[in-house]
Structure formats: C-alpha cells, structure tokens
C-alpha cells in the first residue's frame with residue numbers, strides 16, 4: 001500500500017500552537033521598556049522566572065498605572081490558560097477585549113482567546129474570532145501584537161485545512177518582526193503549512209534552514225520538531241535508514257527536553273523505521289513504549305501509526321488475538337482523528353456560511369433603507385411609486401431566492417465533498433466504513449450475503465516515480481472507471497487510501513463475489529492507460545472476505561480481506577485471493593487461470 005504523509009501532522013500543529021507564545025527576548029539592557037513588558041518577555045524564555053516576577057507585580061500593584069494594570073490582567077489570563085484554567089482565562093480575556101481600549105492589548109487578548117477556543121474544540125467561536133482579527137489586522141500597528149495575531153491566524157487556518165492562508169500569514173510574520181525576535185517562529189509555521197499541504201520533501205531547503213534558525217535562537221524544541229518532520233519525510237519517501245540515523249542523532253536532545261509529543265512521535269517513528277528495515281522486535285519495542293506514554297482518552301495520528309506498527313508485528317508473528325486487539329485500537333484512533341478533522345472543516349464552513357449570510361443581510365438592509373427613502377421622495381407620484389415599489393419587491397424576492405439557492409447549493413456541495421474522495425469521486429474512507437457497517441447490519445437482520453473486496457494497484461509507486469504524480473492520478477481514475485463498469489447499483493465502492501480501494505458487494509454469496517473480483521482484476525490488467533507519451537500497464541491484487549466465512553462484523557471482514565490481499569501480493573500479484581475455506585481456494589485458482 002502507498003505510504004501517505006501522516007504521523008507528524010499533529011506534531012507540526014503543536015509546533016504551530018507553541019509559536020503563538022513567542023519567545024520574546026529579555027530587554028533588560030533597554031532602559032525605556034516598561035517593567036510589564038520586561039515580565040511579558042520572560043513567558044517562554046524563562047517561565048519559572050516569569051511566574052516569580054508576576055507575583056512581584058501583584059505585590060506592587062498599587063504603584064502601577066491604569067495601562068499597566070490592564071496589561072497585568074492580560075498576563076494573569078495568559079498564565080491561567082497556560083495552567084489549563086480556561087474558564088478563568090477566557091472570562092478575563094473577553095473583558096479585556098470589551099473594555100481595554102488599547103488596540104495592541106485587545107489584539108493580543110483576542111489572539112490568546114482564539115487559541116483557547118481552538119484548544120477546547122470550540123471551533124466555530126475560534127473561526128468567528130479569526131474572521132474579526134483578519135478584518136482588524138491592517139489596523140494593528142504594534143509589532144509584537146501583530147506578530148502574535150499572524151501566528152495565531154496561521155495556526156487556526158491550518159487547523160481548518162486552509163493551508164495556503166496559513167502559509168501566507170506565516171510568511172507575513174517575517175515582514176516586520178518585533179525587535180529582537182528571531183525568524184524561528186515564522187519558518188517553523190511555514191514548514192507546518194507546507195508539510196500539511198503535502199508540498200514539502202526531504203530535500204526542501206526550508207527544513208534545515210528552519211531547524212538551524214531555531215537552534216541559533218535558543219529554541220531546541222522547535223528545532224527538534226523540524227528534524228522530526230524531516231525524519232517522517234524520509235520514512236514516507238522510502239528511506240528508513242536515513243530516518244533511523246536522524247532519529248538516533250536527535251534522541252539525546254529529545255530525552256533531555258522531556259517534551260511529551262516529541263518523545264511519543266519519535267518512538268512511533270523509530271518503530272516505523274525498524275519495521276521498514278525488517279527488524280520486527282525493535283519495531284514492536286519502540287512502538288509499544290510510545291503508545292504506553294499516551295493518556296487513556298488521547299486520540300491522534302501518532303497513536304494511530306503506533307498501533308498500526310504493533311498490529312503488523314503481531315500479524316507477522318501469527319498472534320491473531322493480539323493483532324485483532326491492536327487493529328481495534330488502530331481503527332478507533334483513525335476514526336477519532338478523522339472525526340476531529342471533519343469537525344474542524346465543518347465548523348469552518350459553517351462560519352463561512354454565517355459570515356456570508358451576515359454580509360447578505362447587511363446588503364439587504366441597505367437596499368431596504370434605499371427603498372424607504374425612495375418611497376418618501378415619490379409620495380406625490382402614486383402611480384409611479386406603486387410601480388417602482390412592486391418592481392423593488394420583485395427584485396428583492398429574486399435576490400433572496402438567489403441567495404437561498406446559492407446557500408443551499410453550497411451546503412449540498414459541502415455535504416457531497418465530505419462524503420466523496422476528491423480525486424476519484426467515489427466514497428471516501430470514513431463514509432465507506434460507516435455505510436458498510438450500516439449495510440452489513442441490515443443484511444444480518446434479513447439475513448443476506450455480502451463480500452468485502454480489497455483492491456490494491458500493483459507497483460503503483462513505480463508509476464509515480466517513472467511517469468509523475470499526474471499520471472499516477474490518471475491511473476487511479478482509470479482503475480476506478482473500470483471497477484465501476486462491473487459493479488451493481490447496490491454495491492458500495494470507496495477509496496481506502498492511496499491506491500487501495502474497497503468494495504462491499506451487496507446480496508452476493510462467496511462464489512459470486514470471487515467471480516466479480518476476478519472479472520475486475522482481468523479488466524484492469526487488460527486496459528492499460530495511454531497517457532499520450534507512453535502506455536502505462538497496470539494490474540491489481542485483490543483480497544476477498546465473505547460473510548459466509550467471516551460473519552457480519554466489518555472489522556473482521558476488513559482483517560480477512562486485508563490478509564487475503566497480502567497473500568495475493570506475496571503470491572506474485574495480479575491475482576485474487578479469498579478468505580480461508582474451500583470456496584476461498586477456488587477463488588484463488590480462478591485468479592491464477594484468469
């Protein structure tokens with residue numbers, strides 16, 4: 001199966017979140033800086049000292065002016081959020097936004113509050129606040145406040161999947177950084193945006209540049225994040241040896257800093273590297289240690305990848321019970337991560353629709369005011385006024401209908417996009433799984449038969465490497481079109497990831513499912529893609545599991561189909577293997593003679 005860019009997305013987002021708390025250098029040597037500013041500069045450079053100085057300011061509160069007292073309240077709110085007391089922090093930040101009157105302080109409090117909303121999964125509130133900050137950004141003159149706002153905007157738009165916007169705001173951080181501020185934050189966030197949009201490779205010069213910049217700025221955690229991103233890219237590009245060497249080089253620093261996300265991610269990546277190098281024992285040990293670090297309710301991509309390594313090792317060892325347990329953890333982590341991504345994307349779209357609706361309502365109110373003024377001016381001309389009024393009402397009605405139509409079309413389009421794979425147009429992984437579970441539950445009550453078919457294109461990486469990713473995308477669409485020609489209206493067809501597809505054949509016994517799977521395999525092999533410059537031959541390996549042998553639980557069917565697919569791969573590819581049993585063996589023979 002194709003290796004996708006994964007595992008480090010969460011870590012990259014953590015780096016982005018941390019940059020929202022810039023390590024502003026201590027300005028003790030600058031005589032005209034206020035004592036509040038000097039304390040604020042210590043937040044992430046020397047946090048224990050920051051807490052100590054904050055307590056000293058409270059003992060000296062009577063000597064502070066009104067402006068300094070407002071700044072002190074902001075620092076108290078910042079520390080409350082740092083300690084996890086978001087209720088206290090958010091109430092104070094909102095009060096500062098409503099009453100401070102200082103544009104720079106309001107901007108910093110808004111950025112901090114937006115970050116708190118995002119941390120606590122209040123995504124709609126975070127995106128609405130981001131919209132207001134975007135409107136206010138041209139008017140923010142204070143360089144530190146502008147820097148913090150840009151960092152938070154880059155983070156929140158990245159969380160919504162708007163990577164181009166995230167990259168643009170990260171680059172703007174370099175235009176006018178605060179005095180003494182390094183480029184570590186900006187470059188780290190640029191790496192984050194490029195990595196999440198899959199536009200970063202292991203040879204990108206920005207990666208070592210960002211790591212060196214952060215090291216020189218005394219920000220080792222950010223530098224280690226950059227090296228972990230590079231190690232992840234080595235793994236996804238099929239260079240586990242390079243990844244292992246890099247991870248071993250940075251391991252002492254990660255251990256010394258004791259930053260939990262780094263330790264967890266490094267352990268999982270070491271497990272992945274050893275697995276790719278054929279060392280199952282070390283792969284298991286590192287992955288198991290990393291998974292053990294997580295809290296019981298933690299859900300992220302890193303844990304998903306760790307459980308995947310453990311599942312593959314247990315499966316290779318023939319320990320079916322342990323493999324099944326790990327696969328269940330893997331599936332739960334994968335579903336939880338996809339649900340979180342969907343929640344952020346849906347919240348962003350809902351806020352966009354709300355902003356659009358507010359703009360349309362404002363425009364409509366303006367039109368209504370114009371209509372009233374026109375009515376008053378034309379009171380002496382009753383006939384003309386009546387006609388104009390009717391015409392205006394018709395135009396208003398048409399405008400509202402057009403707006404409702406556009407809003408409904410946008411909602412339907414977003415619903416379709418949430419269910420479909422953007423490249424091939426078939427069901428995406430998450431929706432295929434949910435629909436398959438629903439259909440299997442229905443068939444179990446009837447009862448009825450079903451077959452789960454797992455299809456993986458052979459040597460697809462060579463197609464990308466030889467002909468380019470554009471041709472690889474064309475091959476995927478070509479294979480999907482061939483499969484659809486052999487499917488019935490009631491069958492489910494989805495893209496599980498990369499070049500792997502899943503089909504749930506509805507009301508289909510085992511032998512019929514094997515026959516359909518074999519026809520699909522033969523059709524794919526018999527129809528190479530002509531891309532103009534060359535003809536690309538393709539074939540597929542197919543694994544099949546049926547409810548006859550494996551029951552109606554989707555997880556069990558997935559495991560059996562996956563196991564059959566791997567047997568087809570090991571047997572030489574371009575063939576169909578079915579789940580265990582006499583009928584399954586017949587399916588294998590049919591594939592060999594097809």
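The values are calculated or read from the model by the stated rules, or taken from the named source; none is laboratory data. Since the structure is predicted, the reported quantities are computational estimates derived from the model, not experimental observations. Neighbour counts run over all protein chains shown; Cβ positions are idealised from the backbone, glycine included.
Tabulated data
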{"quantity": "Unmet criterion (only one of (1) modelled with pLDDT under 95; (2) over 17 Å from residue 450 (Cα atoms)) for residue 488", "calculated": "(2)"}
{"quantity": "Scan of the range 455-478 for residues that are more than 25 Å from the chain's Cα centre (by Cα), surrounded by 17 or more Cβ atoms within 10 Å (Cβ to Cβ) and either assigned to a strand (DSSP E or B) or without any contact (Cβ under 8 Å) to a residue 60 or more places away in the chain (or both), ordered by number", "calculated": "455, 457"}
{"quantity": "Residue match in the range 482-491 (condition: touching a residue at least 60 places away in the same chain (Cβ under 8 Å) and not in a strand (DSSP E or B))", "calculated": "no"}
{"quantity": "Considering residues of the range 113-130 that are touching a residue at least 60 places away in the same chain (Cβ under 8 Å) and out of contact with any helix residue (DSSP H, G or I) (no Cβ under 6 Å at 6 or more places or on another chain) only, the residue farthest from residue 350 (Cα to Cα)", "calculated": "119"}
{"quantity": "Matching entry among 545, 527, 534 (being in the same structural domain as residue 566 (by TED's automatic domain parsing) and either at pLDDT 95 or above or crowded, with 18+ Cβ neighbours inside 10 Å (or both))", "calculated": "545"}
{"quantity": "Test: residue in the range 246-259 that is part of a helix (DSSP H, G or I), under 23 Å from residue 331 (Cβ atoms) and at pLDDT 90 or above", "calculated": "no"}
{"quantity": "Residue identified as surrounded by fewer than 19 Cβ atoms within 10 Å (Cβ to Cβ), in contact with a helix residue (DSSP H, G or I) (Cβ under 9 Å, 6 or more places away or on another chain) and not in a loop (DSSP other than H, G, I, E, B) among 519, 556", "calculated": "556"}
{"quantity": "Odd one out for residue 440 among (1) closer than 25 Å to residue 571 by Cβ; (2) in contact (Cβ under 8 Å) with a residue 24 or more places away in the chain; (3) part of a helix (DSSP H, G or I)", "calculated": "(1)"}
{"quantity": "Residues of the range 195-220 classified as in a helix (DSSP H, G or I) and more than 26 Å from residue 309 (Cα to Cα), total", "calculated": "12"}
{"quantity": "Qualifying positions in the range 388-409 - more than 12 Å from residue 374 (Cα to Cα) and surrounded by 12 or more Cβ atoms within 10 Å (Cβ to Cβ)", "calculated": "395, 396, 399, 400, 403, 406, 407"}
{"quantity": "Odd one out for residue 305, checked against (1) free of Cβ contacts under 8 Å to residues at least 40 places away in the same chain; (2) crowded, with 20+ Cβ neighbours inside 10 Å", "calculated": "(1)"}
